[in-house]
Structures are given as C-alpha cells and as structure tokens.
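Notes follow once the structure below has been shown.
All of the numbers you see were taken from the coordinates with simple rules; none came from a lab. This one's a predicted model, so the numbers in the text were calculated from it and none came from an experiment. Every residue, glycine among them, receives a Cβ derived from its backbone with ideal geometry; neighbour counts consider all protein chains shown.
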Amino acid sequence: MNILIDLFLTFAKIGLFTFGGGYAMIALIENSCAEKKQWITHDEMMNVTVIAESTPGPIAINCATFVGYKQKGLAGAVAATAGMVLPSFCIIFFISVLLDSFLEIAWIAHAFMGIKIAVGILILDAAIKMIKKMQKKPLPLAIMYCAFITMLLIDIFALRVSSITLMLIAAVISLAIYMMESNAGKAGAAK
C-alpha cells in the first residue's frame, strides 16, 4: 500500500508544480522516477516518452500510467494517473469559477508571462537531456536534424500542418529505413 501512496504523491507533486503541459513535465518525471526513486531506467524513460507521444492522451498522463503499471500493476497505474490528473483538475476547476476576474489581476497576468518562459526552459531541458542520451549513430542524428529543421520551417512560415500528418510521415520513413536495414542484413547474411 505504501508504494501506491508514494506513486500518487510523487505524481501529484509533479502535476501540482508543473505548468505548461506534458512536455514540461518530462524532465520532472525523469528526475523523480528514474534518478531519485529508480522506478524506471533512463532508457525506459526515453522509450515511454516516444510511446506516450504516439498514443492517445496527454504525454505526462501516459508516462505516469506506465510508471505506475510497472511498479504495481493496474492499481499502480490508477494511483499514478490520479496523482497526475487531480491537482490540474482542481486548479482548472478553481480558475474556471473565478475566470472573469482572475486574469484581470495585474500580478497574475505578469506571473503567467513568466511561467511561459519557464515552460519553454523546462521543455528545452528535457530535449537536451534526451539528445545527450540518444545513440550517436549517423541515422538517428540525421533524422533528428531533419525533424528539427522541418519543425523550424513550419513554425517560421506559419504553415498549417496536422500533427497526425507529421506522425504518419515519420512512421512511413521509420518503416522504410527498418525495411532497408532488414533487407541489407539479410543480403549480408546470405553472402
């Protein structure tokens, strides 16, 4: 029972003190779950991040569900997910009750401007950590640079490209590369 409470409280703390959504939470999830508590490894964190991006639902909740399930099965998944969701739900509910007057308060409006900067830094920190742990092989590096340049160009030119389209293109490219490597491996083994 202690692990369930620990899962709930760990993810509740992450959910309560992180602004900016799932990508901003990745660094905190990795710090808490991989470094401090060692519930998952850094490699598992990278894998679950990739999987959580491509499955339905918010990335942070998917990560929490995975960690909870790995620790204590279905009960762990429920505890971790509830811990991640409950603080945000309560905060959003409270703000929605007071929304009309909430953003008119000058210091709150300024605080949210500062929070936007902090969120960007948290996302950049998570990206840098993942890049440092990435395999330094030519193909993954080329894919990373191409994806970065593509996203930068989409942002600079304000193009409207569906994220689903981008994911499908990435999946087709990855499958094509896998097929080419698999065929090259079979041809090399046949010789």
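Side notes on the structure shown:
- Considering region 72-191, the qualifying helices (runs of 4 or more DSSP H), each wholly inside and each with 2 or more residues that are farther than 25 Å from Thr18 by Cα, run over 138-156, 163-190.
- Selection status of Ala126, over 19 Å from Glu53 (Cβ atoms), within 20 Å of the chain's Cα centre (by Cα) and of a type in the set (Gly, Ala, Ser): no
- Scanning region 147-191 for residues being small (Gly, Ala, Ser) and exposed (fewer than 10 other Cβ atoms within 10 Å of the Cβ) gives a total of 7.
- Count of residues meeting criterion [in contact (Cβ under 8 Å) with a residue 60 or more places away in the chain, in contact with a Cys (Cβ under 8 Å, 6 or more places away or on another chain) and within 25 Å of Phe112 (Cα to Cα)] in region 26-52: 1
- Test for Leu139: is it surrounded by fewer than 12 Cβ atoms within 10 Å (Cβ to Cβ) and either in contact with a His (Cβ under 7 Å, 6 or more places away or on another chain) or in contact (Cβ under 8 Å) with a residue 12 or more places away in the chain (or both): yes
- Residue list for region 18-48, filter: in contact with a Phe, Trp or Tyr (Cβ under 9 Å, 6 or more places away or on another chain) and surrounded by 18 or more Cβ atoms within 10 Å (Cβ to Cβ): Leu28, Ile29, Cys33, Ile40, Val48
- Ala176 being closer than 21 Å to Glu53 by Cα, touching a residue at least 12 places away in the same chain (Cβ under 8 Å) and among the small types (Gly, Ala, Ser): no
- In summary, helices (runs of 4 or more DSSP H) completely within region 1-61 and bearing 2 or more residues that are charged (D, E, K, R) and out of contact with any strand residue (DSSP E or B) (no Cβ under 8 Å at 6 or more places or on another chain) occur at 2-17, 42-54.
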